[in-house]
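Encoded as structure tokens, the structure appears first; notes follow it.
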Amino acid sequence: QVQLVESGGGLVQPGGSLRLSCAASGSFFSVRSMAWYRQAPGKQRELVARITSGGSPNYADSVKGRFTISRDNAKNTVTLQMNSLEPEDTAVYYCNADLAERAWSPFFNYWGQGTQVTISS
């Protein structure tokens, strides 16, 4: 069974940094795009950053210049380096990926369980 397992959330002061990691585990053939979303209390889930299998990233305007997404295709992991964190970045962060379980299978979208990020002094 395919799973996305996240790690790295926590509590940090404004201006600080956190690094989130996500690993795809289980039996699968290929991983396409990988991404991070977040959902703050009372708000809709939103895309934070996405990276293609070729390594091309794109970011939400609110995090450009502060967050960096990267991936290791050999390890099937995606990382989100978050710098200059603001209270508005407080949310549950979710890993997301498109995976195909077999060479002939279509790609399906998977979600991690989420990890809490809290920015507070």
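The values are calculated or read from the model by the stated rules, or taken from the named source; none is laboratory data. These numbers were taken from a predicted model, which means no experiment stands behind them. Note that we place each Cβ from the backbone using ideal geometry, even for glycine, and neighbour counts take in every protein chain shown. Remember, those area values only see protein heavy atoms, side chains included, never the ligands or the DNA or RNA. Shrake-Rupley method; radii C 1.70, N 1.55, O 1.52, S 1.80 Å.
What tally of residues in the stretch 19-38 results from selecting those that are assigned to a strand (DSSP E or B) and either open to solvent by 30 Å² or more (accessible area, probe 1.4 Å) or under 13 Å from ALA100 (Cα atoms) (or both)?
Qualifying residue count for the region: 11.
Within the stretch 81-100, which residues are out of contact with any helix residue (DSSP H, G or I) (no Cβ under 9 Å at 6 or more places or on another chain) and among the aliphatic types (A, V, I, L, M)?
Residues satisfying the conditions are LEU85, ALA91, VAL92, ALA97, LEU99, ALA100.
Can you give me the number of residues within the stretch 47-67 that are exposed (fewer than 13 other Cβ atoms within 10 Å of the Cβ) and either closer than 18 Å to VAL5 by Cβ or of a type in the set (Asp, Glu) (or both)?
Count: 1.
Do any strands (runs of 3 or more DSSP E) lying entirely in the stretch 59-121 carry at least 2 residues that are of a type in the set (Gly, Ala, Ser) and in contact with a strand residue (DSSP E or B) (Cβ under 8 Å, 6 or more places away or on another chain), and which ones are they?
Those strands (runs of 3 or more DSSP E) span 91-100.
If you go through the stretch 68-97, how many residues are under 15 Å from GLY26 (Cα atoms), surrounded by fewer than 18 Cβ atoms within 10 Å (Cβ to Cβ) and in contact (Cβ under 8 Å) with a residue 60 or more places away in the chain?
Here the count works out to 0.
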